[in-house]
Amino acid sequence: MYGVNIGQLNVYITNTSTPDEPRLIWNKDSDQGNRWHFAQVTVYSPREYYISIEGIKGDDTKGDIAIDDLHLSAGACPETGHCNFEKNMCGWQNVPNNQDDFDWMWNSGSRPSAYTGPITDYTTGTAYGWYMFVETAHSSQFGTKAEFISEHFKLGRADSCLMFAYSMYGKGAGDLYVYYIESNNPNNRELIFSAYGNQGVGWKRAQIDIHSTVEFQIVFEGHSQFNGIAGYIAIDDIELHQNTNCEAVTCDADEYECRNGSCIYKHKYCDFRDDCPQGEDEAECPTVCNFENRYCGWSLDPSSTIPWTMKTGPIEDPDSTLPEEDNTLKTAEGHYIYVESDGTEQSARIVSPTFSLAGTECQLELFYHYVTDLDVLLDIGTIRAYLVSGSLMQRFWSLEEQVQNEWTQQIITVPRCSNYFQIILEADMKFVTDFFTEGHIALDDISFLNCSYEEVPADCDGLQTCSSGHCYSDSETCDFQMDCCIGYTDESTESCDGYEKCDFEDETYNNGWCTWEQLTYDQFDWTRQNGEASVVNTGPSFDHTTFTSIGYYIYIDTSNILPGDKARLASHVIDAVDEDAECSMRFYYHMYGLLIGSLNIYTWTERNGELTLLWSEQDDHGDRWIRDEIQLISDKPFEVVIEGVEGELVFGDIALDDITFTPGCIQYDGELPIGSTAEPTTQEPGDGCLPLPGEGPLFQCDDGSCVRDSYVCDYKYQCVDASDESSCPVTCTYEDDDCGWSEQIPGDNFDWVRSNYRDVRPGASAPQFDHTLGTDEGYYMYVDMSADEPEEQVAEMKSSVYSETANNCTLEFWFYMDEPLTGFMTLHMLEEDGTETEMWRANFPRGAKWNWAIVGFHRRRTNYELIFRKIRQFGYGATIAVDDISFNNCALPDPDQSCDTVSGDYWWCPGDGLTNGACISSSLLCDINDDCGDNSDEFLSQCSEFRQCDFESDFCDWVQGSVTDNIDWTRQAGGTLAPYTGPSFDHTKGNSEGFYIFLDSGFPSHYHDRADLIYNIVFKPTTTGTCKV
């Protein structure tokens, strides 16, 4: 800004929600001299914003305004006159070359000259910190100089204190001079500090009182020595403290003294924010650790049974599974920590420094490398994260069975507003059989993200205000989640007035259920629980309210439930409410585990009436609590219905906690009317099961009631006593009988036999305990073999006849197979037309333990039988057994009473009200998958518009790559060429006659060979998100 009658330069911030209300945050006017000035301003806004810069012309043509080098960075700007050089040179710059002889350098790490220079900077105390530097052996002439100069300072009062760190080392170290210069008289310099020659290794602090009421600058000048010996001068952490002098400051007992003598409260020590001018209050608790400079404040836990090991150089063992490169540098010289599996149970822990306070958005980022010596999904261990605060230690994240032969990023939410806490990262290595012993878990690049609690803003601009001055929104009020980390104002009794809350903690309030009621129009109930769920590695290990194993939550216990079964809860009755009433339900859900079911939230205006779906979630969401909110609108009184649906396996649980209704949800003084839903048609005992008019034959249940004959063996219980499924049970533990499974070639001394270990024939080899009870009294089916019989004998166990299956049907069972000379065991499906398909094979020993297996059946349109087959090989003495068989998700879909087809997100399968008629996602249409149960979703007119390929005839429009690959995909029916690999049937037909494509990893292919398959159709550009594969 230079010239006559200069106008103004203004900087504004404007919220996007109020574009007509810009707010001035910085300005300058009048002549500022013929030079560039450095300026900075901290920008804060709780809402989305943009920045604008305005220049206003003066009343003369001989004055201009110019700007250059704009930069926006995270965090608040340092105070005027403060610079630690970590991000840039702030307002400092080298003087023009015609005013000195050489330049200061902005540097970090090792210095250019050997045996001189700082090894670390002053700010961070590491080789990664930055500082300013000159080599004093730079020139061939004695007394040459290098100068760097500050911005122009204009202080409000006379007294100020200049502080800085300096280092001068080497026999050739020169001289350092510091000058005070008044801006309006630059040729008149006042020397205010000087140091000469070698000052020894390390940094020293200097402080100088400055008395000035006019604008001024500071100049650092380094002079060279010419004696043929190297030396250096370095400067770091310059601070200009206004309105004070440099007298020593004494801090109180509850304060921490910074290097410059200033004081901060001790709770600001290690709070993820640099509160001391030089940031030393965070030096012992760095937020980033890449292990290139050892453990960065993390420490090895002495309670570990094995230590974490640091990888420090190239891997010399050619058989090692460890990654050659780290994640940080991506070189063999990079560092990371790891634990290797030796097949035994071991645990290794590493502990963070203690942090004083985490904000509301704190996350822990890490990169892990998890692999075994085989390219299979073998569970060798688990990675866990714990938060330790005082005497409490709580797991808040875990990860297992993730065989990732590459560095993989993981971002974990740290419990908000945690105070005085540490993080423990644990590798819990599991016992595995001798067949699989190689493997490891490795970690690198651990970082804390967004963990500092935000600064107190000037005002909350329409938001709610915490007692500490921080801000939070109306929707965050009284939601069982701290948004005020200091004072907890948003969750106080006063703030929660008018809210309906339930944390499931108070047993005196409806036994802990508050106003929620278990419904009877379902198959099982929700369970109130604390601690971990009944099945490990599923469900939460702590509640959301207290974040401890003591606190309560509700969940659906899936351990003895069938796939598709539902558990429902109903709220209290809420009065009719429109959109303006702002009635919302807030809640926290936890969905964690394998093949998990779904969580649905409905409303109804009649008990047992039509359900209106408001919200739904499926699939595994990880081991974490997730917040969500639903606005409730109804023109009649209503209840909220929460429905948990069981998934395909017992290894996934759904949980809820901390449900709240906002004050706009007014409780209704009355009850809902009773509605009706379609139920299976039944007759009462004594009716003789006569066919109903227009209906087919009926089946008589053991209790005398009747159901349609088509309901028998359909994987669903329509008889109250479950007798419609008794001849074809969907679960079998063998505790009571053989469940219809029987040996097909009896009397050859090589048979499947139902027994427990106590009753096993003398000399026979059988498990010492079953899987169901885990005792020698529990029953199973095992192969009883004799020593004097020939090889190639067959033991064949066949099931009862089962009916057609749904698309996602699976069979789950546990098997025992211990000796190396066992041979193999197979499972076959025998369909009505005589087609036999191998569905599963175990071809190597698994040790003296029960092993879990799951087999997908796909859509089967005819009745079938299953066969477990064992062929005698290599002699005798092996133990072969099967236990706990269950059919999961095999029933055809039930008809739904309603379906939201208007939005286009769902499609209602056609049906007669008793079969089919399911409501499915529109994304399932025309996907070569029978989701309706009658294939109606695959025979639509619009399916002709889909580009489909089932590979039954050829490769369709797919072609082999030829440019970047070196092997090809193969089209195949039945099993693959290599034994014990690949599928034995395709997805389209579900048998050995159907075709699929596969990549043959056998000879002559090699590790890292690549096969590309290219769709030979060029698509037009699309931005609508409707083009999917």
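The values are calculated or read from the model by the stated rules, or taken from the named source; none is laboratory data. Given the structure is predicted, the values throughout are model-derived calculations rather than measurements. We place every Cβ from the backbone using ideal geometry, glycine too, and count neighbours over all the protein chains shown. Heavy atoms of the whole protein, side chains included, go into the accessibility calculation; ligands, DNA and RNA do not. Shrake-Rupley method; radii C 1.70, N 1.55, O 1.52, S 1.80 Å.
Let me know the whole percent of all Cα-Cα pairs from the range 168-227 that are separated by more than 17 Å. That fraction is 47 percent. For K266, the lysines whose Cα falls under 27 Å of its own Cα, not counting residues fewer than eight places away in the same chain, are K87, K204. Residues whose amide H lies under 5 Å from that of A283, counting only those 5 or more places away or on a different chain, are absent; hydrogens are built 1.01 Å from N in the peptide plane. Amide H contacts of I666: D575, each under 5 Å away and 5 or more positions distant or on a separate chain (H built 1.01 Å from N in the peptide plane; Pro and chain starts excluded).
Taking the alpha-carbon centroid of each part, what is the distance from the range 917-950 to the range 751-782 in angstrom? Computed from Cα coordinates, the inter-centre distance equals 46 Å.
Quick check: at a probe of 1.4 Å, how many percent of the accessible area of the range 244-326 sits on carbon and sulfur atoms?
On the way: 2080 of 4530 Å².
Accessible surface attributable to carbon and sulfur in the range 244-326 totals 46 percent.
Here the dipole of the chain is about 4040 debye; that uses its Cα centre as origin and unit charges on the Cβ of Lys and Arg (positive) and Asp and Glu (negative).
Could you order the peptides 287-293, 610-616 from most to least packed, using the average number of other C-beta atoms within 10 Å per residue?
Working: 287-293: 18.3, 610-616: 15.9.
In descending order of packing, they fall as 287-293, 610-616.
Straight-line cross-link partners of K716 among the lysines, defined as a Cα under 17 Å from its Cα and at least 8 positions apart when in the same chain: K566. Annotation: per residue accessible area for the chain equals 49 Å², rounded to a whole number [probe 1.4 Å, protein chains only]. Selection among Y368, M89, S634 by position relative to the dipole of the chain gives M89 as farthest towards the positive end (Cβ unit charges, Cα centre). Sorting 544-554, 164-174 by average packing, meaning the other beta carbons within 10 Å per residue, from highest down gives 164-174, 544-554. With the dipole of the chain worked out from charges on the C-beta (+1 for Lys and Arg, -1 for Asp and Glu) around the Cα centre, which of G174, P314, W106 lies farthest toward the positive end? Value: G174.
Highest-first packing order for the peptide set 266-276, 718-728 is 266-276, 718-728, based on the mean count of other beta carbon atoms within 10 Å.
Checking the cross-link filter: which lysines have an alpha carbon closer than 22 Å to that of K330, excluding same-chain neighbours under 8 positions apart? In chain and number order, the partners are K311.
For a test of the definition: using alpha carbon positions, the gyration tensor, and the 1.5 limit on a/c, classify the chain as rounded, prolate or oblate. Prolate.
For I337, what residues show an amide H to amide H distance below 5 Å, using hydrogens built from the backbone and excluding near sequence neighbours? Hits under the 5 Å cutoff: K311, L443.
A simple rule links phi to the HN-Hα coupling: the Karplus curve 6.51 cos²θ - 1.76 cosθ + 1.60 with θ = phi - 60°, which for the range 614-626 gives 9, 7, 7, 9, 10, 6, 6, 10, x, 7, 7, 8, 10 Hz, with x for Gly and Pro. Between L866, S398, T244, the Cα set farthest toward the positive side of the dipole of the chain (charges on each charged residue's Cβ, about the Cα centre) is that of T244.
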